[in-house]
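Here is the structure we will look at, set down as structure tokens.
The values are calculated or read from the model by the stated rules, or taken from the named source; none is laboratory data. The structure displayed is predicted, hence computed values, not measured ones. Here the Cβ positions follow ideal geometry from the backbone for every residue, glycine too, while neighbour counts run over all protein chains shown.
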Amino acid sequence: MLGRRLGLLVLALPVLAPCLWLLSAWQSLDVSLWSHLSQHVLPNSVLETLAVLLGVAAGTLLLGAGTGWLIGRCEFVGRRLWEWLLLLPLALPPYVLAFAYLGLADYFGLPGRVLRESFAIDWLPPAPHGPLGGILIMSLALYPYVYLLLRESFARQPASLVESARLLGLGPWASFWRVQWPLARPALLAAIALVSMECLAEFGAMSVLGVDSLTVVLYRTWFSLQSLQTAAQLASLLLGCVALLGLLVALSRTRLSYASLPRPRARRRLSRWQQALAWALLATLLLFALILPLLQLLAWASTAEHPVQQYREAIMASLKLAGMAALLALVLGLPVALIAAQQRRDRWLMPLAQLGHLGYAVPGTVLALGLMIVLTALESWLRPADAAPWLLSTSVLALLLAYQARFARLAHAPLASALAAVRPSMREAAQTLGAGALERSWRLHLPLLRPAAFAALLMVFVEVIKELPATLILRPIGWDTLATRIYAYTSEGQWDLAALPALLLILAGLLPVAILARQR
Amino acid sequence: MRTHSFMALCLALGLSGWAQATTITVYSERKAQLIDPIFAEFTRETGIEVRTLVDQAPVLIERLAAEGEGTPADMLMTVDAGSLWQAGERGVLRELDSASLKEAIPASLRDEQGRWFGLSLRARTIVYDKRVVKPEQLSTLAALADPEWKGKLCLRSSKKIYNQSLVAMMLARDGEASTESVVRGWVANLAAPPFADDMLAIGAVAAGRCEVALVNSYYLGRMLDENPELPVSIFWADQQGTGVHVNISGAGITRHAKQAEAAQRLLEWLASDKAQAKFAEVNFEYPANPRIPASSKVAGWGNFKPDQAPIAQAGQWQAEAVKLMDRAGWK
């Protein structure tokens, strides 16, 4: 028991160590800075953050649950095509989506230019800005997470329950609210929590769109008000909110267990005009989430001259880092998921496993900086005085730890849900046949886990390809990735030059997303 | 076991390429595309290789502090005087006593203790829609706070350090009350919420959303280079008074530089007459050495009188400036 607990604790170290650093920032308080922040900055920032969180929750729910229901519960021509098309926007990082949309609304953007030069019409689309813009962009970027989780949940709904409800006299709406909805609720809460954490941690898109979210204020406190300590204090408060959010989700989940995997319900066939409507809705969504931004990026990329040679190295760096991080996440994530699934009675294990997943919501920069400081301390403690410096704090190892801290949760989610689907009866049968915990893991759980393991690999791979802030801080010299190349250009306003690495990054992400989508 | 060899591999990968001879490593906030051509020229002349790692200045400064004496960086280059001042205060730069640097760079554009030196000038001034605004209507930055510009002004976000340094210099010169009333006037005159970057603000002027904007001149240079018919012109502000607000892109040698001599050579080379002309020209900026004429690309905009106040004030007053902007509601 103790060994397992300790093991989980060690695996949570990449997250815990930076968090401890955050907490240590509370040793002293800059009162005048805090009073300035709480008077002039935080009230508005808290409001804007809450508005974006609620708005994105609603937006992704509308888009993600709507598409999840259409694909998971309905049958129509082309459903299998849409099933994976809808996932593709997963390859677009929010910061790329944000700058593509600002470009679309700009004087030199595609619509403005075409209208002006071909039709002599002076009209520009409204530029996304502030909380409303943030809600729009983040909803478009994040809905695939909700879609992915809810599609599964809707598709797997047991027919027997819904049929019983109908037989007992409930109408279609009542049976939706009283049976289907409660069944989908755990997946839904998990999805909303995931999306909220992404929103809390997002810096790039929020700052480009002029949203004063808490993470943006945190950066401002460090970069502009020159107080890293107060920024760390803000970050630890943010972390507290996330822990609370995680706790709420965990609490809402505890009563649920899959005793059996019943026969799923048949999909509902849509009538011809319903099919046309479904196609129109899905196509509109894809237009805004993928096609329009891609067109703008293509338009930019075609006008600039690109240093193509640099990109070959950047692609290799991105692929190598993403590959290593994905493997590491799987190797470390499997034992966590197995232990958590097999030892449900130990009430310390679940919270310990959850602890390792806190990092998902910590802004990448904060996490990376914490790691950098902790690793520096570690090196000065471990390294003999006469040895050459290891530079642990800015090494590939540091990067991999940061990715592990940020994305362990993503690898865990598919593994845990696949394990949850292993029926107790199977485990009991194995136990009856004399298989111990280790043999059960090896012969029962692992084979059943293969698709989920693959999904975990791909999810982490895509996220690492898109990751910017931690990569920017911790990469050793010579490890410029596509994401850091994009940053170099967008921060100078050179969007036409940023467009090609952005397209390459999307391409590198699209492939695994497409595989992921087809495999399910 | 597997994790062990894996970690060893990662370490090896991270450290590879660390022990090459006479390669200068520059931690740079100035983006690679705006500095690599100059470094390539230096390599051609001297055979000394230069490699860069790009990030934002506050991050690079923390990185230097964390890496300590192990740092691979020999030089820190930033695009703002405030950041250089920060780096000096944080103790990550070394003092340099170089006659040629003192000779080439005016005292107002370098650190008193020789820890950092400005290498190019970036002027932040007014651009206007030439279809509706006449240059006679324009005079100073402070005048843009007058009610006649209500609903006609575009600004970039106050999160950008260029605006923070501008307000910091105003604070140092005019004091808090006067600066705050000007900043409040600007905010009251905004035609649109502050933009994420200067190019968007110029685009808004071109699109007729606002009539005047406050930007770094090189952004307009780049945009005019691509779109010569852009209906936007530049106006040098404050020419009757203190001179137009300027900031610097500059550099210093790190405290724990391994190649300190080579790095000093690079820094002195960057301040030399030939490099000065090129350094600024790459990005439509102006040489820090006032004796070097501006590049032909920006000569058409005429000469301007720059503000002569010590640029280090941008760093000293930065935190106060940010608080003032917060109070005035400049987002």
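For region A:10-31, filtering for residues that are closer than 15 Å to A:Leu234 by Cα and either away from chain B (no Cβ under 11 Å) or in a helix (DSSP H, G or I) (or both) leaves 13. Scanning region A:186-243 for residues that are hydrophobic (A, V, I, L, M, F, W, C) and facing chain B (nearest Cβ under 9 Å) turns up A:Val208, A:Leu209, A:Val216, A:Trp222, A:Phe223, A:Leu225, A:Leu228. If you go through region B:173-201 and keep only what is free of Cβ contacts under 8 Å to residues at least 40 places away in the same chain, more than 10 Å from chain A (Cβ to nearest Cβ) and under 23 Å from the mean Cα position of the chain (by Cα), you end up with just B:Asp174.
Here is the figure for region B:41-55: residues that are at the interface with chain A (Cβ under 7 Å from one of its Cβ atoms) and not charged (D, E, K, R) total 2. If we scan region A:291-311, do we find a residue that is assigned to a helix (DSSP H, G or I), farther than 28 Å from B:Leu34 by Cβ, polar (S, T, N, Q) and without any contact (Cβ under 8 Å) to a residue 24 or more places away in the chain? Among the residues of region A:291-311, not one is assigned to a helix (DSSP H, G or I), farther than 28 Å from B:Leu34 by Cβ, polar (S, T, N, Q) and without any contact (Cβ under 8 Å) to a residue 24 or more places away in the chain, which makes the answer no.
Among the residues that make up region A:441-451, is at least one of them more than 14 Å from chain B (Cβ to nearest Cβ), farther than 30 Å from B:Ile35 by Cβ and in contact with a Gly (Cβ under 8 Å, 6 or more places away or on another chain)?
No; the residues of region A:441-451 include none that is more than 14 Å from chain B (Cβ to nearest Cβ), farther than 30 Å from B:Ile35 by Cβ and in contact with a Gly (Cβ under 8 Å, 6 or more places away or on another chain).
For the condition in a helix (DSSP H, G or I) and under 26 Å from A:Leu458 (Cβ atoms), what is the one hit in A:Leu327, A:Leu369? None of the other options fit; the residue is A:Leu327. Here A:Ala361 qualifies as away from chain B (no Cβ under 12 Å), among the aliphatic types (A, V, I, L, M), more than 30 Å from A:Leu110 (Cβ to Cβ) and buried (at least 19 other Cβ atoms within 10 Å of the Cβ).
For the residues B:Ser139, B:Ser165, the requirement of being under 25 Å from the mean Cα position of the chain (by Cα) and in a loop (DSSP other than H, G, I, E, B) singles out B:Ser139.
Each row is one residue, and each column tells you yes or no for (1) out of contact with any Cys (no Cβ under 8 Å at 6 or more places or on another chain); (2) part of a loop (DSSP other than H, G, I, E, B); (3) surrounded by 20 or more Cβ atoms within 10 Å (Cβ to Cβ); (4) within 14 Å of chain A (Cβ to nearest Cβ).
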{"position": "B:Val246", "(1), (2), (3), (4)": "yes, no, yes, no"}
{"position": "B:His256", "(1), (2), (3), (4)": "yes, yes, no, yes"}
{"position": "B:Arg265", "(1), (2), (3), (4)": "yes, no, no, no"}
{"position": "B:Glu268", "(1), (2), (3), (4)": "yes, no, no, no"}
{"position": "B:Asn303", "(1), (2), (3), (4)": "yes, yes, no, no"}
{"position": "B:Glu320", "(1), (2), (3), (4)": "yes, no, no, yes"}
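Taken over region A:368-382, residues that are farther than 10 Å from A:Ala17 by Cα and within 10 Å of another protein chain (Cβ to nearest Cβ) amount to 7.
So, A:Leu81, is that one in a helix (DSSP H, G or I) and either surrounded by 23 or more Cβ atoms within 10 Å (Cβ to Cβ) or within 21 Å of the chain's Cα centre (by Cα) (or both) or not?
no
When the residues of region B:69-92 are filtered to those that are farther than 18 Å from B:Thr52 by Cα and more than 20 Å from the chain's Cα centre (by Cα), the one that is nearest to the other protein chains (Cβ to nearest Cβ) is B:Glu69. Within region A:436-459, one or more residues are surrounded by fewer than 24 Cβ atoms within 10 Å (Cβ to Cβ) and not in a helix (DSSP H, G or I). Among the residues of region A:125-148, how many are at the interface with chain B (Cβ under 10 Å from one of its Cβ atoms) and buried (at least 20 other Cβ atoms within 10 Å of the Cβ)? Residues meeting the conditions: 3.
Of all residues in region B:148-162, those satisfying the criterion of being in a helix (DSSP H, G or I) and either in contact (Cβ under 8 Å) with a residue 24 or more places away in the chain or under 20 Å from B:Gln318 (Cβ atoms) (or both) are B:Trp149, B:Ile161, B:Tyr162.
Of the residues making up region B:221-231, not a single one is outside any loop (DSSP other than H, G, I, E, B), assigned by TED's automatic domain parsing to the domain that holds B:Leu96 and surrounded by fewer than 19 Cβ atoms within 10 Å (Cβ to Cβ). Per the listing B:Glu89, B:Glu45, the residue uniquely surrounded by fewer than 24 Cβ atoms within 10 Å (Cβ to Cβ), closer than 19 Å to A:Phe223 by Cβ and at pLDDT 90 or above is B:Glu89. Of the residues making up region A:154-180, those that are of a type in the set (Gly, Ala, Ser) and touching a residue at least 60 places away in the same chain (Cβ under 8 Å) are A:Ala155, A:Ala159, A:Ser160. Residue count for region A:321-358 under the criterion of being farther than 30 Å from A:Ser425 by Cβ, within 14 Å of another protein chain (Cβ to nearest Cβ) and at pLDDT below 85: the result is 0.
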